[in-house]
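Encoded as structure tokens, the structure appears first; notes follow it.
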Amino acid sequence: MAKFVTLRCEGLEPLRSINPMLVSYNVEMTEVTGGTFWKAYTEAQIDGTEEFPAILDWSNMGNLQQWYDPIDTTNPRLIKLAKDLGPAWIRVSGTWANKTYYDFDGKCGGKVPEGFQNLLTKEQWLHLLDFVKAVGGKLLVSIANCPGIHKADEPMPFEQAELLFKTSKEYGVPISAAEFTNEPNLIALSGLPQGYTAADHARDHDRFGAWLRENYPECLLVGPCTVGDIDMFGIGNDGAGGGMAAGFEMVTTEQLLGDYNSKMDVFSYHYYNGVSERGAAMGGHWPYESILSEPYLGVAASCAKQYTARRDKYVPGGQMWVTESGDAGCGGNTWASTYADVPRTLNELGQFCTVTDGVIFHNTLASSDYGYLKHGTFEPRPNYFAVLLWNRLMGQTAYDSGIAIEEGKHVYCHSRKDGKEGLVYLVINNSWTEETAVELPKEAEVYVLAGKDGLRSRTMTLNGKELKLGENDALPCLCGEKAEGTLQIAPGGCAFIVL
């Protein structure tokens, strides 16, 4: 049944002011150093014409990952497109970061020391700092915590951390925020010292906080950087297989923080809308047919609401940062690089702003299938243009749209980014079959998004025109069109409406 939406120009209740760096992203440590990351899907798998083979033995990472050389953070296209997004937080972390040795004096000669997994050279790090500076970003990191640093029953030393922080500050691109360890609640999978416990983490997290306050008081302490320690996918879903599979040890936020003597500035967690085909054996994978459903699109808000209670306990009055976010853990689903993920991405931003204030770090900027940009070539994918439009149009004040969320009617409202009086609506039609009719209260400027050749298209259109780079990587015209009366939004379509 078609849905009808009537927009208003005034009288809406403001909810909150939103962090101007809401749209941020990860550059994983494995991208900086080179290392293993998620295997690329075939073209047919992306199209949905070839089924991804079931991988039952998830413990064999060779089935799931491959080696990638470091990305070129000096690439002019990468820098230009990241800068076009606007100022953002840039997070260098990931499981790889837990096991990285900072070889800034070159003494290792390319050989990884015992107890580590890989090396970060000074040249690689300075290139990353140059990138952060060039795009007007701010840097968030997590530090190494592995057998090469210390044993589980030994308090964490911070010589390696000092090297990373000192080098960055002296170079003129200081580390502005830090998480202690990436996903410490997945103890068996995170590369932590053998026998490391939640109590050991609580001890070392407090020590890291004290060290940070003493040596780098201007740096925000962010944490605890957990994933999956809530009911992530089991909200009456119509396809996802519940939570994490049995056999993966997981501890709670409360256990990880213990008595919590070092107070955090920001509460952080990781949100993925499910688990990709690569890791389906873990549970939590949603089939393609579910991606417009209410349960699927409700996961982002459900996670934010559940973590809000913990934020209020540990960082009362503070922001909440999603320091990893994407359509699916394990590198994204086969459709993550297509238009099919745009409704979820825009819906995540809209829902998050109705729940709380903070920052969402998309995983990743330029690697794997969920990257905003294609690995290697840095060609922009549909999600890149979608969040670019969000940044250009949606202002910092979030309003209650007054329109209940239901199929075909996901409606979010903000102030105008250009500072003029008025409102900007985002309307997402998450129906597979029916149009949504939007009654405009006056003449509006509209930006209607769709897949060029259907939902699973690699190319997105804006008001019917393809979005692709021009000569010298010039952005296409991201221009609205005048509309009045009733605007029809096709099934799966999204529209920004400026009033």
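The values are calculated or read from the model by the stated rules, or taken from the named source; none is laboratory data. All of these numbers come straight from a predicted model, not from anything done at the bench. Cβ placement follows ideal geometry from the backbone for every residue including glycine, while neighbour counts extend to all protein chains displayed.
Considering each residue of segment 422-466, count those that are surrounded by fewer than 18 Cβ atoms within 10 Å (Cβ to Cβ) and either part of a strand (DSSP E or B) or over 23 Å from the mean Cα position of the chain (by Cα) (or both), and give that number.
18
Please go through segment 338-369 and give me each residue that is assigned to a helix (DSSP H, G or I) and β-branched (Val, Ile, Thr), ordered by number.
Result: VAL342, THR345, THR354, VAL355.
Looking only at segment 257-274, decide whether some residue is of a type outside the set (A, V, I, L, M), under 22 Å from THR95 (Cβ atoms) and either surrounded by fewer than 20 Cβ atoms within 10 Å (Cβ to Cβ) or at pLDDT below 85 (or both).
no
Looking at (1) modelled with pLDDT under 95; (2) buried (at least 22 other Cβ atoms within 10 Å of the Cβ), find the lone condition where ASN347 falls short.
For ASN347, the exception is condition (1).
Are there any strands (runs of 3 or more DSSP E) wholly within segment 1-40 with 1 or more residues that are under 19 Å from HIS410 (Cα atoms), and if so which?
Per the criteria, 3-6, 13-17.
Would it be correct to say that ALA134 is under 22 Å from the mean Cα position of the chain (by Cα) and hydrophobic (A, V, I, L, M, F, W, C)?
yes
Take ALA398 and decide whether it is in contact with a Ser or Thr (Cβ under 9 Å, 6 or more places away or on another chain) and either crowded, with 24+ Cβ neighbours inside 10 Å or modelled with pLDDT of 95 or more (or both).
yes
So which of SER325, SER415 is outside any loop (DSSP other than H, G, I, E, B), small (Gly, Ala, Ser) and not assigned by TED's automatic domain parsing to the domain that holds GLU294?
Sole residue among the options that is outside any loop (DSSP other than H, G, I, E, B), small (Gly, Ala, Ser) and not assigned by TED's automatic domain parsing to the domain that holds GLU294: SER415.
Can you name the residue in segment 1-50 that is within 21 Å of the chain's Cα centre (by Cα) and surrounded by fewer than 15 Cβ atoms within 10 Å (Cβ to Cβ) and is also farthest from LEU128 (Cα to Cα) among such residues?
By that ranking, first place goes to SER17.
Report whether or not LYS80 is surrounded by 16 or more Cβ atoms within 10 Å (Cβ to Cβ) and either in contact with a strand residue (DSSP E or B) (Cβ under 9 Å, 6 or more places away or on another chain) or closer than 26 Å to SER268 by Cβ (or both).
Answer is no for this residue.
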